Amino acid sequence: MAQSKRIRRGAEGWMKLMSRQSSSGLAVQEFCQRERINASLFRRWQSRLLGTGSVRKMSPTAVETVAPFIDLGDLRSGGQRLEVRLDLGGGVHLSIARG
């Protein structure tokens, strides 16, 4: 019987998997079975990276836009116009603009 090779992923690798799962249209369990990933481990990383309980409240596409850090540069400099809008749920939005 062949043993499966264990893959070690960091936060970035798990974020990519969460994005793929979200865009696949599959439930976590189905996606994990297809990808041969432990569903409990997947959910644990979701909770760790996206915050406890927030996974259930987020829209499926929200996972795709999650980034650990967005560098807006020096907001005082005159650079190119840039706007970041975060949907925090419950009708609450946070917007940051430069330019």
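Here each label is just a point 7 Å from Cα along the line to Cβ, and for Arg85 and Leu41 those points are 3.9 nm apart.
If you take all other residues with their beta carbon under 11 Å from the beta carbon of Asn38, and give Lys and Arg +1 and Asp and Glu -1, the sum is +3. For Lys5, neighbours were defined as the other residues whose beta-carbon sits under 14 Å from its Cβ, and their charges (Lys and Arg +1, Asp and Glu -1) total +3.
No lab work stands behind these numbers, since they all come straight from the coordinates. As the structure is a computational prediction, the values presented were derived from the model and not from experiment. Glycine also receives a Cβ, built like all others from the backbone with ideal geometry; neighbour counts cover every protein chain displayed.
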